[in-house]
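Heads up: the structure comes next, in structure tokens.
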Amino acid sequence: MAYSIVPGSLSLSRSVLDRAADRRRDVEWLEKAWAADDTQVMLVAGDQMAVEADRKSLHLVPPAAAPDGTRIFLGIDRVEGAGQTADGRAVFAVLVDAEPDESYAGLREIGGVLNDREAGMAVNVVGLSNWHAIHTHCANCGAHTEVVDAGHVRRCPSCGLSHFPRSDPAIIVLVTDDQDRALLGRNEAWPEGRYSTLAGFVEPGESLEAAVRREVFEETGVVIGEDIQYAGSQPWPLPSSLMLGFYAKATGYTIDVDGDEIAEAKWFSRADLKTLVEAGTMALPGNISISRRLIEGWYGEELTGSW
């Protein structure tokens, strides 16, 4: 087993903006950066971002044109050849408390068409926006928390506890058998013909390899051996996951789905997959997903058709 994801194909893993975390507590620097003529601001409503009319790039505005809302410092553009990256253009986001309209779009729609810089910005800010929305109160004492550190921490004024954004690790795996067929499953909530790789969250105290074996067995009854190969990772901030991709070789091939998360699972040869996809009777995950890239890494080339 030696499969690989095509380098650079993970749309949501691209990032070139320097997050400049050392500047998040420098209030004076932040105010100067906000006032600078070349500073850019993203507008975000929930998990939707303001986009240009062509819906292929973000609509970035100067600070003077930004509405009121929670302000987040996202980072600075690196200055090629410069010793101090702090000299680069600053980028902020404002979380707008309003219903998004047609001038906004989500990651599923535009994540794959944004350039590397804007893709990294989008993934970062959507994750932060979702985190802010569900962490308005302290988990320790229940008091309303305050936004500090340029939008990257929420602090409780009552008990003093600081709350930080978290990413939940989740494994996602393409399993193959002794005939080099791929195991794909259909979630109970999905329509007929929609298939993907298997995935699940890592439990406390569990290694990634153990999570791969447990999730595959729980969902399909298929047994995974020692042959587990790491393939790559991609953030999935909808709301807060980090997808850790693997290829794994099965040693037990009998399928017995759990009937809860997985409605059905099947072994597919490359010929099976090509025939079904081209006939339109099978739909694969979208191009921005790591699942799609795991499947194509095994298949050997890009495939057509998606959800």
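Within the accessible area of the chain, what % is carbon and sulfur when the probe is 1.4 Å and the other protein chains stay in place?
On the way: 7120 of 14810 Å².
The nonpolar share, carbon plus sulfur, comes to 48 percent.
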Net dipole in debye of the chain [+1 Lys, Arg Cβ; -1 Asp, Glu Cβ; about Cα centre; nearest 20]: 460
Please name whichever of Trp267, Phe201, Ala36 sits farthest to the positive end of the charge dipole of the chain, dipole taken about the Cα centre and charges placed at Cβ: Lys and Arg +1, Asp and Glu -1. Ala36
If one compares the long axis through the Cα atoms of helix 290-299 with the longest principal axis of the Cα atoms of the chain, the angle in degrees, nearest 10, works out at 40
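Which shape class applies to segment 217-307: rounded if a/c is under 1.5, otherwise prolate when a/b exceeds b/c and oblate if not, where a ≥ b ≥ c are the square roots of the Cα gyration tensor eigenvalues?
In terms of gyration-tensor shape, rounded.
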Which FRET efficiency value, to the nearest 0.05, do you get for Glu226 and Glu278 by plugging their Cβ-Cβ distance into 1/(1 + (r/R0)^6) with R0 = 30 Å? 0.25
In deg cm²/dmol and to the nearest 500, what is the mean residue ellipticity at 222 nm of the chain if only DSSP H runs of at least 4 residues count, each as -39500 (n - 2.57), divided by the residue total? -6500 deg cm²/dmol
On a straight-distance basis, which lysines could pair with Lys266 in a cross-link, Cα separation under 27 angstrom, same-chain partners fewer than 8 positions away excluded? Lys249, Lys274
Using alpha carbons only, how many degrees (0 to 90, rounded to 10) separate the axis of helix 116-134 from the longest principal axis of the chain? 80
The set of residues whose placed amide H lies less than 5 Å from the amide H of Ser233, leaving out same-chain residues fewer than 5 positions away, is Gly245
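Based on Cα coordinates alone, diagonalise the gyration tensor for the chain, multiply each eigenvalue by 5, take square roots, and list the semi-axes in whole Å, largest first.
Semi-axes from the Cα gyration tensor: 39, 22, 18 Å.
Taking only protein heavy atoms into account and a 1.4 Å probe, give the accessible area per residue of the chain in Å².
On the way: 14810 Å² over 307 residues.
On a per-residue basis, the chain sits at 48 Å².
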Label-point separation (nm) for Arg108 and Glu146, each offset 7 Å from Cα along Cα-to-Cβ? 3.8
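For segment 11-162, just say rounded, prolate or oblate: build the C-alpha gyration tensor, square-root its eigenvalues into a ≥ b ≥ c, call rounded for a/c under 1.5, and beyond that prolate if a/b exceeds b/c, oblate if not.
oblate
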Rounded to the nearest 10 degrees, the helix 208-220 long axis (Cα) sits at an angle to the longest Cα principal axis of the chain of 60
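Compute the Cα gyration tensor for segment 120-209, then decide on rounded, prolate or oblate, letting a ≥ b ≥ c be the square roots of its eigenvalues: rounded whenever a/c is under 1.5, prolate when a/b is larger than b/c in the other cases, and oblate in all that remain. Mind showing how you got there, number by number?
Numbers: a/c = 2.95, a/b = 2.51, b/c = 1.17.
Prolate, because a/c is 1.5 or more and a/b exceeds b/c.
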Taking the alpha-carbon centroid of each part, what is the distance from segment 10-31 to segment 240-265 in angstrom? 36
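The values are calculated or read from the model by the stated rules, or taken from the named source; none is laboratory data. Please read all numbers here as calculations on a predicted model, not as lab measurements. Cβ atoms come from the backbone with ideal geometry, glycine included; neighbour counts cover every protein chain shown. When the accessible area is computed, the model is the full protein with side chains, heavy atoms only, and any ligands, DNA or RNA have been set aside. Shrake-Rupley method; radii C 1.70, N 1.55, O 1.52, S 1.80 Å.
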